Amino acid sequence: MGLDSIIGIANSALGAQSQRITLIAQNLANVDSINSPDGGPYQRRIPVFEPAQVGNSDGLGVKLAEVVTDQTPPRAVYDPSNPFADESGVVKEPAVNPVYEMVDMMQASRSYQANLSVVQTANAAALKTIDLLK
Amino acid sequence: MEILQPEQQVMAAALQVRAARAELLAGNVANADTPGYLARDIKFDAALKQVVENGDGAQSDTSSFETTLARENVGIDRNDIDVNEQLAKSYENSLSYVATLKLYGDSIGRLKSATASS
């Protein structure tokens, strides 16, 4: 228990939110990737968070539990000139919505900032506690 | 005779409860995007009473006075965290911590000057 474990909790969230932003960047970067290594178009990745024990504190930190793949069917785009088009001229493009990803990114960024301000609050209180020794 | 006055013991206990509460509030902010996570908090007055009654608060188990407050506004992800609310609570808790700390430090300072050899 203590102010140091608060920083540990906030730190776990900062890490988890960074990983989330990394996945969003990956989704946005692959918005037009029609041929992924797994075959077929790129499928967007979704982070799943779960509470995690940090040290022996009462408050719970957070961790990235798993990364799931969005099973939404790919977008069908008619483009017969594309070498990846099927016999009816349809190309399967990733079901990634850039608008959705941007909104998700803003939310992740806000959560990151919220945890930073928790660190600042804990830090200010810790400094005042150390001042008692003066 | 106890060196610390009763009010100083209460202040020390209050600091412990504030620190424990700050942890839970930090956990709430950290889990703002965790599906199925419900806000956790402690009732300050009940927790303070418990620490004071247990005598030496340092050994009392702070996890025992944890409560999960059932809330109405649970989203589709079964998460009821309002980040702004939790941050405000965290600031308020921190302010009370620092205020208690100031009072405690001042009273210890008076004790120090009273016991200082002239």
**Asked** Where a Cα-Cα gap under 24 Å defines reach, which lysines qualify for residue B:89, not counting those fewer than 8 residues away within the same chain?
**Response** A:63, A:128, B:43, B:49, B:102
**Prompt:** Once you treat every alpha carbon in the protein assembly as shown as an equal point and sum by Debye, what is log10 I(q)/I(0) at q = 0.11 Å⁻¹?
**Reply:** -0.69
**Asked** So what are the three principal axis dimensions of segment A:52-117 from its Cα atoms, in whole Å, longest to shortest?
**Response** 60, 21, 16
**Message:** If you split all Cα-Cα distances of segment A:41-80 into 10 Å bins from zero, what percentages do you get per bin, shortest first?
**Reply:** 25, 29, 20, 14, 8, 3, 0
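Starting from 0.36 nm per residue, how many nanometres of slack lie between residue B:92 and residue B:114 once their C-alpha separation is accounted for? Mind dumping the intermediate values first?
Numbers: separation 22, 0.36 × 22 = 7.92 nm, distance 3.32 nm.
Stretched fully, the residue B:92-residue B:114 segment lengthens by 4.6 nm.
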**Prompt:** So which chymotrypsin sites (Phe, Trp or Tyr not before Pro) in segment A:25-87 are both in a DSSP loop and have at most 15 other Cβ atoms within 10 Å of their Cβ?
**Reply:** A:84
**Fill in**
If one compares the long axis through the Cα atoms of helix A:98-131 with the longest principal axis of the Cα atoms of chain A, the angle in degrees, nearest 10, works out at 10
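Compute the whole-percent fraction of alpha carbon pairs in segment A:1-101 spaced more than 24 Å apart. Spell out each step's value before the answer.
Numbers: 2112 of 5050 pairs.
Tail fraction, whole percent: 42.
Every number here is computed from the coordinates shown, using simple stated rules; none is lab data. What you are looking at is a predicted structure, and each value in this text was computed from that prediction instead of being measured. Cβ atoms come from the backbone with ideal geometry, glycine included; neighbour counts cover every protein chain shown.
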